[in-house]
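Below is one structure, written out as structure tokens; the observations come after it.
The values are calculated or read from the model by the stated rules, or taken from the named source; none is laboratory data. What you see is a predicted model, and the numbers here were worked out from it, not measured in a lab. Methodologically, a virtual Cβ is constructed for each residue, glycine included, from the backbone with ideal geometry; neighbour enumeration extends over all protein chains shown.
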Amino acid sequence: MELFKNLYNYRELLKSNVKKEIRGRYKGSFLGVLWSFVNPLLQVLVYAIVFPYIMRVKTPNYLQYLIVGIIPWTFFTTVMNQGMITIRTNSDIIKKVYFPREILPISVVLSGLVNFFISCIIILLFCIFGGLGISWHLILLPFIAILQSLFSLGLVFALSAINIYIKDTEYIVQFILNMVFYATPILYQASLFPKKLRWAIDINPLGGMIEAYRDIFMLHRVPPASSLIYLTIISIVVFFIGLAIFRKLEKGFAEEV
């Protein structure tokens, strides 16, 4: 594929861009990369107080349940928010130098993936000290994370390109993400969702991915084969559709940014 050839030929640029994304994310902050741990922990703290005690949600091992949902969601939203504006924020280099434009969204997703794997240390600690332990099923973690990365990258490809022409895209997507958060079983079990609307959770790839993470971290089992097949197909389809949209629109980047 042309994409892989370009990535290989410009691998040094890709590597330096990923490093820049990782360092730039927390540049100037006192805690630096530690925010990868602090942010999800603060979110979990709030939800762990609000939902069990105020909303009366009763879920076994709720603290672990939350942390396994929040960290993949944080990975997704961080990649989306930064990926949508990556073409615009790199407008100067786009106008001056030729390089495969796909490198910019890919760099954002890869840096997010690195941060996600670092943040998984938190999940492991919560599972170990919470009495759940760990199992060999964790070998599936890279596979699920790659599926989430492919799915996210497809969306970032499409939205980062569209955002160049339709400036309101990032604000619309941010609103949609806020709604999707509550339509994804992160704070509650899917069984608590109204039966008439249960289909919305069933077709939600993010919900399936988060449930897959819970299977391997908390329940020590292989996620259902049907779920893995669905997630694989939807991630690949979204990736190629997003790439096609990106390549269709990238011709006008230099004039529009």
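Quick notes on this one:
- Scanning segment 80-102 for residues that are in contact (Cβ under 8 Å) with a residue 40 or more places away in the chain, surrounded by fewer than 22 Cβ atoms within 10 Å (Cβ to Cβ) and aliphatic (A, V, I, L, M) gives I85, I94.
- Against the test of being at pLDDT below 75 and within 28 Å of I166 (Cβ to Cβ), the options N17, N6, N90, N81 yield a single qualifying residue, N6.
- Qualifying positions in segment 189-229 - farther than 30 Å from I121 by Cβ and either in contact with a strand residue (DSSP E or B) (Cβ under 9 Å, 6 or more places away or on another chain) or of a type in the set (A, V, I, L, M, F, W, C) (or both): F193, L197, W199, A200, I203
- Only a single criterion out of (1) under 27 Å from I85 (Cβ atoms); (2) of a type outside the set (V, I, T); (3) part of a loop (DSSP other than H, G, I, E, B); (4) touching a helix residue (DSSP H, G or I) at 6+ places or on another chain (Cβ under 7 Å) is not satisfied by S160, namely (3).
- Residue selected from segment 115-134 under the condition within 14 Å of the chain's Cα centre (by Cα) and at pLDDT below 90, by the criterion surrounded by the most Cβ atoms within 10 Å (Cβ to Cβ): N115
- Single unsatisfied condition, L206 versus (1) more than 28 Å from I85 (Cα to Cα); (2) out of contact with any helix residue (DSSP H, G or I) (no Cβ under 6 Å at 6 or more places or on another chain); (3) aliphatic (A, V, I, L, M); (4) modelled with pLDDT of 90 or more: (1)
- Of the numbered criteria (1) over 17 Å from F143 (Cα atoms); (2) touching a Ser or Thr at 6+ places or on another chain (Cβ under 7 Å), the one D202 fails is (2).
- Residue check for Y62: modelled with pLDDT under 85, over 27 Å from K167 (Cβ atoms) and in contact with a Pro (Cβ under 6 Å, 6 or more places away or on another chain): yes
- Sole exception among (1) hydroxyl-bearing (S, T, Y); (2) over 21 Å from the mean Cα position of the chain (by Cα); (3) farther than 14 Å from F217 by Cβ; (4) at pLDDT 90 or above for S107, by number: (2)
- Segment 33-57 residues that are within 17 Å of L192 (Cβ to Cβ) and at pLDDT 65 or above, paired with ones that are not in a helix (DSSP H, G or I) and not acidic (D, E) (beta carbon under 7 Å, 6 or more apart): Y47/L187; F51/V57; F51/L187
- Taking the criterion of being crowded, with 21+ Cβ neighbours inside 10 Å, in contact with a Phe, Trp or Tyr (Cβ under 9 Å, 6 or more places away or on another chain) and either of a type in the set (K, R) or within 20 Å of L113 (Cβ to Cβ) (or both), the residues of segment 157-185 that qualify are F157, A158, S160, T184.
- Checking S191, S135, S119, S149 one by one, the residue that is within 19 Å of I236 (Cβ to Cβ) and polar (S, T, N, Q) is S149 and no other.
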